[in-house]
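Below is one structure; the comments refer to it alone.
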Amino acid sequence: MALPTTCLGCLGISRLIVGGNPFSGISHQSPERDGEMADWYTAARIKEALAQCEEVGINTCVLRSDAHIWRLLREYRNEGGQIQWIAQTAPEYADHERNIEQAAANGACAIFVHGGLAETLWTSGRQDRVATLVEHIHSLGLPAGVAGHAPEVHLAMHEAGLPVDFHMVCWYNCGSVH
């Protein structure tokens, strides 16, 4: 099945993209719900879900850049999976540049700075740090973005000329800076 596609840089991505918070046990609701997601989404079930996405024409996923996802995608690709991966930096990795490099080394086709990190840095006057992370992604030859939950912060980033290729802004507030 073919879904409509759009371009992100030179990437052809389906206009419907699968997100990975449930795969990583992140509900933004409660620790109990996080646990339920982590228990349900075994590696086998995640790979099955990704394969089903590809079967219906979804060619891109958004997943964290962490050891769990790196291993999972390696297995999935070794088993023939082709889905493209847009990586979200994992804020618990203290060396954000290294996490970006790890995402690229593990096959990310684009990378964005985690929303909580990007918005917190931006609103605390660390716009230069956000720009440095975006520049680092670009230095690896990949489209770079920022995520978050506060559209007004992203409008400010745009107005300031932050050279991102995309913004990812969710339609709900899960405890963002505003």
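Couple of notes before you dig in:
- Residue within segment 87-95 that is under 25 Å from Glu135 (Cβ atoms), touching a strand residue (DSSP E or B) at 6+ places or on another chain (Cβ under 6 Å) and assigned to a strand (DSSP E or B) present: yes
- Filtered residue count, segment 138-153, keeping only those that are closer than 23 Å to Ala108 by Cα and surrounded by 14 or more Cβ atoms within 10 Å (Cβ to Cβ): 10
- Among the candidates Ala51, Ala38, residue that is over 27 Å from Val134 (Cβ atoms), outside any loop (DSSP other than H, G, I, E, B), of a type outside the set (D, E, K, R) and open to solvent by less than 50 Å² (accessible area, probe 1.4 Å): Ala51
- Condition check for Ala104: closer than 20 Å to Asn21 by Cα and open to solvent by less than 10 Å² (accessible area, probe 1.4 Å): no
- Subset of segment 62-76 that is without any contact (Cβ under 8 Å) to a residue 60 or more places away in the chain, more than 9 Å from Phe23 (Cβ to Cβ) and not hydroxyl-bearing (Ser, Thr, Tyr) - its residue that is least open to solvent (accessible area, probe 1.4 Å): Leu73
- Restricting segment 102-142 to residues that are over 17 Å from Leu11 (Cβ atoms) and assigned to a loop (DSSP other than H, G, I, E, B) leaves a set whose member that is nearest to the chain's Cα centre (by Cα) is His114.
- Selection from segment 156-170 of residues that are farther than 11 Å from Trp122 by Cβ and either free of Cβ contacts under 8 Å to residues at least 60 places away in the same chain or open to solvent by 40 Å² or more (accessible area, probe 1.4 Å) (or both): His158, Glu159, Gly161, Pro163, Val164, Asp165, His167, Met168, Val169, Cys170
- Inter-residue pairs, beta-carbon under 7 Å, first crowded, with 19+ Cβ neighbours inside 10 Å and in segment 77-91, second β-branched (Val, Ile, Thr) and in a helix (DSSP H, G or I), 6+ apart: Thr89/Ile100
The values are calculated or read from the model by the stated rules, or taken from the named source; none is laboratory data. Predicted model, so just to flag it, every value in this text is computed and none were measured. Because the Cβ atoms are built from the backbone with ideal geometry, glycine has one as well, and the counts that use them run over all protein chains shown. Ligands, DNA and RNA are excluded from the accessible area calculation, which covers all protein heavy atoms including side chains. Shrake-Rupley method; radii C 1.70, N 1.55, O 1.52, S 1.80 Å.
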